[in-house]
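Enquirer: Sharing a structure, written as structure tokens. Questions coming.
The values are calculated or read from the model by the stated rules, or taken from the named source; none is laboratory data. Since the structure is predicted, the reported quantities are computational estimates derived from the model, not experimental observations. Because the Cβ atoms are built from the backbone with ideal geometry, glycine has one as well, and the counts that use them run over all protein chains shown. Side chains are part of the model used for accessible areas, which takes the heavy atoms of the whole protein and leaves out ligands, DNA and RNA. Shrake-Rupley method; radii C 1.70, N 1.55, O 1.52, S 1.80 Å.
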Amino acid sequence: MAGSARLEYLLRLGDNALILSQRLGEWCGKGPALEEDMALTNTALDLLGQARLWLSLAAEEAGDGADEDTLAYLRDDRAFRNLLLVEQPNGGYADTLVRQFLFDAWASLALRQLLGSSDAAIAAIAEKAIKEVSYHLRRSSDLVVRLGDGTARSRALLQAALDTLWPYHHELFTGDAVDAEMLARGIGFDPASLRDAWLSYVRDVLAEATLTVPSAGGWAPKGGKQGLHSEHLGKLLAEMQVLPRSHPGARW
Amino acid sequence: MYAQMVDTGTPSAAAVDAQEARFQQRIDDGIRIEAQDWMPERYRRTLIRQISQHAHSEIVGQLPEGNWITRAPSLKRKAILLAKVQDEAGHGLYLYSAAETLGISRDQMVDDLHAGRAKYSSIFNYPTLTWADVGAIGWLVDGSAIMNQIPLCRCSYGPYARAMIRVCKEEAFHMRQGYDLMLALARGTPAQQAMAQDALNRWWWPSLMMFGPPDGDSVHSAQSQAWKIKLFTNDELRQKMVDQTVPQAEYLGLTVPDPDLKWNAERGHYDFGAIDWEEFYNVVKGNGPCNRERLETRRRAWDDGEWFREALVAHAGKAAARATAKAA
Ligand SMILES: [Fe+2]
Ligand SMILES: [Fe+2]
Ligand SMILES: [Fe+2]
């Protein structure tokens, strides 16, 4: 999907929310406590709502009869623009929580930048989304602290999840030509500029959680924003897209 | 009420009878029983069984529909389904809380479910094979649930009645959404229409079974009606459901899978065919298509979450200890 930079940008924002929501939806009815089941669903629902706003705007930009559903259901994995972090499998609850925490901390910073976008439609969605994401971040930070500083077992599970997911944070702060153009037009922000604030927030929470920040350097997978994904995304999409793909043209 | 027993020693049989008579009088007068009021032990036990069974149904009921969250065919339908399943978890929470007012803990109830001592609605032991099943569940299963629960908004036990009022509002919404999903399929492609008909074929009879055995075979009915924790008989409710649903199926252009179904002008009701009660009792006994899987999924979720629940307790303990140390 070679489109305008704005289209690419909207797809990135929409796909992050959509794919993470899809992952959270897999938890339905299987959470570690009833209250947590409801919270996971609630987060999935918020993110899905955001995805629909971003993708509807992307569809307007794309024209050609596209809508939120054609974008969600009829693109192949190479056309998805989400960060690798959000497509990583749920694993156990600790993995899901740490993934959420790393993402929430980034998303709240990213959306804050977009509040000041020169693109009124983007700023309006950011304004709605940031309220939800701020709440998600408070929740995920609080749980990281309580479970990190809980039992030896919970601490070990969180630390293992953190060690596994940590390499994916690099992509959050890696810009490309699309980011540069969005920055130049006053629409977007420089991803690298969020790194320090993100690190300092995450470090504080992890310290309170008695968890160890993984060492810098090493493996830094990226490419999701440009459509080069892990093997996980194809399977996620196969499941998500099965009905519209097997009933072409049907309305639901 | 335990305190009362201690105060007065073991009450005489006559005193108990008098107390029960006063209790029944309150119910007959339409006065709600509240958690702190005296109540016969059998009333308390019956309610715990009924409310916890309902709570378990909400929780297990998340699974068959949850099966389609990741495959919902449009983002709007996905959002509706996520919200519905979240509502069901919320219903489970209110109902567990209502049962807790009767002196049982949520952990105990969950344990009873996992050990197979407590039941949940048998309907959730049927599989959701196609997307149309999500519509059929909303339309028929939530529809039957509402039929059952609207009268319970007036039941004698206050906390249960109040929980039902909240729950029923949302169930009515679920039913409309389920019907709307079916309507989209019924107005859709031939494959979608076939999907809708197939779902009705599979869910029709189990939905009618949701009201429980025929009145003649229903064990708890008479006493529960006197206590006003059951306001209509199983057969009365089942008839209402059939009468309500048949015209809705007709509007969808779907055929109710019952050759004996026909309008009886004299009775002013639909006559319908015999229900296969052997199937019903078989599923209740644990031999439905998904009994093992549903319970296993819940048990696994609970076991996998043990570290999570332990850690929250441990953290709360540490935080409290730190607060005490600070204050000292
Ligand atoms: Fe419910
Ligand atoms: Fe219910
Ligand atoms: Fe419902």
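Enquirer: Dipole magnitude of the protein assembly as shown about its Cα centre, charges +1 at Lys/Arg Cβ and -1 at Asp/Glu Cβ only, in debye to the nearest 20? Before the final figure, lay out each step's value.
Expert: Values: 63 positive and 75 negative charges, 164 e Å.
About 780 debye.
Enquirer: Rounded to the nearest 500 deg cm²/dmol, what is the calculated helix-only ellipticity per residue at 222 nm for chain B, with -39500 (n - 2.57) per DSSP H run of length n ≥ 4?
Expert: The helix contribution divided over chain B gives -21000 deg cm²/dmol.
Enquirer: Note the angle between two axes, namely the Cα long axis of helix A:195-208 and the longest principal axis of the Cα atoms of chain A, as a number of degrees from 0 to 90, rounded to the nearest 10.
Expert: 30
Enquirer: Distance in nm between label sites at B:GLN223 and A:ALA197, each 7 Å beyond Cα in the beta-carbon direction?
Expert: 6.5
Enquirer: Write down the accessible area per residue of chain B in Å², having rolled a 1.4 Å probe over the full set of protein chains.
Expert: Accessible surface, normalised per residue, equals 45 Å².
Enquirer: Quick one: net charge of B:ILE275's neighbours, Cβ under 10 Å, K/R +1, D/E -1? Mind dumping the intermediate values first?
Expert: Working: positive: B:ARG238; negative: B:ASP258, B:ASP276, B:GLU278, B:GLU279.
Computed value for this residue: -3.
Enquirer: Expressed as a whole number of Å, what is the distance separating the alpha-carbon centroids of region B:162-180 and region A:1-75?
Expert: Region A:1-75 and region B:162-180 have Cα centres spaced 27 Å from each other.
Enquirer: Would you mind calculating the gained length between B:LYS318 and B:ARG292 on full extension (0.36 nm times residue separation, minus the Cα-Cα distance), in nm to one decimal? Don't skip to the end; give the middle numbers.
Expert: Details: separation 26, 0.36 × 26 = 9.36 nm, distance 3.91 nm.
Contour length minus the Cα-Cα distance gives 5.5 nm.
Enquirer: Roughly how many Å² is the accessible area per residue of region A:165-252, as a whole number, for a 1.4 Å probe?
Expert: 50
Enquirer: Hey, another quick one. On a C-alpha basis, how far is the centre of region B:14-85 from the centre of region B:206-258 in Å? Whole number, if you could?
Expert: Rounded to whole Å, the Cα centres lie 18 Å apart.
Enquirer: Could you work out how much longer the chain between A:ALA238 and A:VAL213 gets when fully extended? Use 0.36 nm per residue separation minus the Cα distance between them, nm to one decimal.
Expert: 5.5 nm is the gain from fully extending A:ALA238 to A:VAL213.
Enquirer: Oh, and also: Translational diffusion coefficient of region B:128-174 at 10 °C, 1.306 mPa s, Stokes-Einstein with Kirkwood Rh over Cα pairs, in µm²/s as a whole number.
Expert: Details: Rh = 11.2 Å.
Answer from the Stokes-Einstein relation: 141 µm²/s.
Enquirer: Next question. Where the accessible area of region B:64-185 is counted over protein heavy atoms with a 1.4 Å probe, how much of it, in %, is carbon and sulfur?
Expert: 57
Enquirer: A further question on this structure: Seen from all sides and averaged, what is the projected area of the convex hull of the Cα atoms in region A:104-148, in nm²?
Expert: With the hull built on Cα positions only, its mean projection is 2.7 nm².
Enquirer: If we count every other residue with Cβ under 11 angstrom of B:LEU129's Cβ, Lys/Arg +1 and Asp/Glu -1, where does the sum land?
Expert: Neighbour charge sum, excluding B:LEU129 itself: -1.
Enquirer: Using only the alpha carbons, work out the radius of gyration and Dmax of chain B in angstrom.
Expert: 22.4, 81
Enquirer: Now a separate question. What quantity of accessible surface, computed with a 1.4 Å probe and excluding non-protein components, is buried in total between chains A and B, in Å² to the nearest 100? Could you put the intermediate results ahead of the total?
Expert: Working: alone 11680 and 16860 Å², together 24460 Å².
Approximately 4100 Å², summed over both chains.
Enquirer: Anything over 23 Å Cα to Cα? Flag those among B:LYS230/B:LYS262; B:LYS76/B:LYS240; A:LYS131/B:LYS76; A:LYS222/B:LYS76; B:LYS169/B:LYS230, in the order listed.
Expert: B:LYS230/B:LYS262; B:LYS76/B:LYS240; A:LYS222/B:LYS76
Enquirer: Other chains' Cβ within 10 Å of A:138-145 residues: what's the mean?
Expert: Whole-number average of other-chain Cβ neighbours for A:138-145 is 1.
Enquirer: Please list B:269-278, B:171-180, B:142-151, A:224-233 highest first by mean number of surrounding beta-carbon atoms within 10 Å per residue.
Expert: Listed from highest to lowest mean packing, they are B:142-151, B:171-180, A:224-233, B:269-278.
Enquirer: Let's test the formula: R0 of 30 Å, r as the Cβ-Cβ distance of A:ALA156 and B:ALA328. What FRET efficiency results, to the nearest 0.05? Provide the component values of the computation, followed by the final result.
Expert: Numbers: r = 31 Å, r/R0 = 1.04.
Efficiency computed from Cβ-Cβ geometry: 0.45.
Enquirer: Per residue of B:178-185, what is the mean number of Cβ atoms on other protein chains within 10 angstrom of that residue's Cβ?
Expert: 1
Enquirer: Please give the helix B:234-252 orientation as an angle from the longest Cα principal axis of chain B, in degrees from 0 to 90, rounded to the nearest 10.
Expert: Helix B:234-252 sits roughly 40 degrees off the main axis of chain B.
Enquirer: Hey, any idea what the orientation-averaged projected area of the convex hull of region B:184-328's Cα atoms comes to, in nm²?
Expert: 16.5
Enquirer: Here's a follow-up. What does the charge add up to near B:ASN67, with Lys and Arg as +1, Asp and Glu as -1, over the other residues with Cβ less than 12 Å from its Cβ?
Expert: Here the count lands on -2.
Enquirer: On to the next question. Dipole magnitude of region A:163-211 about its Cα centre, charges +1 at Lys/Arg Cβ and -1 at Asp/Glu Cβ only, in debye to the nearest 20? Mind showing how you got there, number by number?
Expert: On the way: 3 positive and 9 negative charges, 16 e Å.
Approximately 80 debye in magnitude.
Enquirer: At q = 0.08 Å⁻¹, what is the log10 ratio I(q)/I(0) for the protein assembly as shown, with the Debye formula run over Cα points and no solvent?
Expert: So the normalised log intensities work out to -0.65.
Enquirer: Over chain A, what relative contact order in percent results from Cα pairs under 8 Å that are six or more residues apart?
Expert: This gives 25 percent for chain A.
Enquirer: A follow-up question, please. Relative to a virtual label point 7 Å from the Cα of A:ALA250 in the Cα→beta-carbon direction, which members of region B:127-161 show backbone nitrogen distances below 11 Å?
Expert: B:130-133
Enquirer: Using only the alpha-carbon atoms, how far is helix B:13-28 inclined from the longest principal axis of chain B? Give it as 0 to 90 degrees, nearest 10.
Expert: 40
Enquirer: Could I ask something else about it? Under the definition of Cα pairs under 8 Å and six or more residues apart, what whole-number percent is the relative contact order of region B:202-328? Please list the in-between numbers first.
Expert: On the way: 59 pairs, mean separation 21.7, N = 127.
Contact order relative to length: 17 percent.
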